[in-house]
Amino acid sequence: MSVWERSVLGHSVNGSPVRAAAAGKGPPGLILGGTHGDEPASTYCVQRLMEHPTMERVLQAVRLTVVDTVNPDGLAAGTRHNARRVDINRNFPTENWVPDEHNPEYAPGPEPVSEPETRILVKLLEDLDPRFVLTLHAPLAVVNYDGPAEDLAKAIAEVNGYPVSGDIGYPTPGSFGTYAGVERAIPTVTLELGPGDGPEEWAISGEAMVAGLLRAASQAGAGD
Ligand SMILES: [Zn+2]
């Protein structure tokens, strides 16, 4: 089993720790789950991924940092938003960020990075400078990518059979994908799991995630 070094990155609105785990050696990669608290399968699948036997091989080539629950208050309450009813995935300081709240589902917050959970991820990206990011959501059953990550997205989609999309079909100002992938050119794959519970979605996409990480690891090994 891989030995994960645990740390606390910061705290949510309600004071819950936002935890990270890191392991491996090589260029850095980042894995995120639980940005939306009503998508608990994303946290479950990230946790299962960490314990997968093939991770030993991945961690020979890349150093992974994992945040399985970006939004612990939302997960505790079963809500998409954080405790201030802000959608973390619309709160990143992108060039196209808008204060528009016509749909409370996507409430972007009073200003970019107004939320502690967003701040934690912005700082983590700066500190890590990851070569790739895999972030899990649900329930659209699609592999979306932002930035130069089409091959990574395809490596995942080949295994779980989901469609690959470079555009999720609607604008996402303030989203993590726009911030990291589009504006910073960090290869960013958003795996949208299906609507099932954690074990169901793991059965569908677990090996696909591993395949994606193996691809990222081989790219890291081939680089610099
Ligand atoms: Zn989501």
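Every read-out reported here was derived from the displayed coordinates using simple, explicitly stated rules and does not represent laboratory data. Note that this is a predicted model, so its numbers are computed, not measured. Because the Cβ atoms are built from the backbone with ideal geometry, glycine has one as well, and the counts that use them run over all protein chains shown.
Annotations
- Look at where the Cα atoms of the stretch 172-205 and of the stretch 125-152 average out, and the two centres are 6 Å apart.
- The trypsin sites (Lys or Arg not before Pro) of the stretch 17-58 that meet both conditions, a loop assignment by DSSP and at most 14 other Cβ atoms within 10 Å of the site Cβ, are K25.
- The stretch 37-136 pair-distance distribution - Cα-Cα, 10 Å bins, rounded %: 14, 40, 32, 12, 2
- Over all projection directions, the Cα-based convex hull of the stretch 92-139 averages an area of 4.4 nm².
- Helix-derived mean residue ellipticity, 222 nm - over the chain, DSSP H n ≥ 4, -39500 (n - 2.57), to 500: -9500 deg cm²/dmol
- Normalised by 2.2 N^0.38 Å, where N is the number of residues, the alpha-carbon radius of gyration of the stretch 170-224 equals 1.41.
- When the GluC sites (Glu not before Pro) in the stretch 125-183 are filtered for DSSP coil states and for at most 13 other beta-carbon atoms within 10 Å of their beta-carbon, no site remains.
- Net +/- balance of residues flanking D197 in space, Cβ distance below 14 Å, scoring K and R +1, D and E -1: -3
- With the convex hull of its Cα atoms as the shape, the chain has an orientation-averaged projected area of 10.8 nm².
- Taking the chain as a Gaussian network of alpha-carbon nodes connected by springs under 10 Å, the highest mean-square fluctuation of the residues H81, H11, H102 belongs to H102.
- Length gained when the stretch N103-E51 is fully extended (0.36 nm per residue, less Cα-Cα span): 14.9 nm
- Considering only L128, N14, A157, the residue lying farthest towards the positive end of the dipole of the chain is L128, judged by Cα position with unit charges set on Cβ.
- Cα shape, the stretch 136-195, gyration tensor, a/c 1.5 rule: oblate
- Over the stretch 120-224, the pair-distance histogram of Cα-Cα distances with 5 Å bins from zero comes to 3, 13, 24, 24, 19, 14, 4, 0 percent, rounded to whole numbers.
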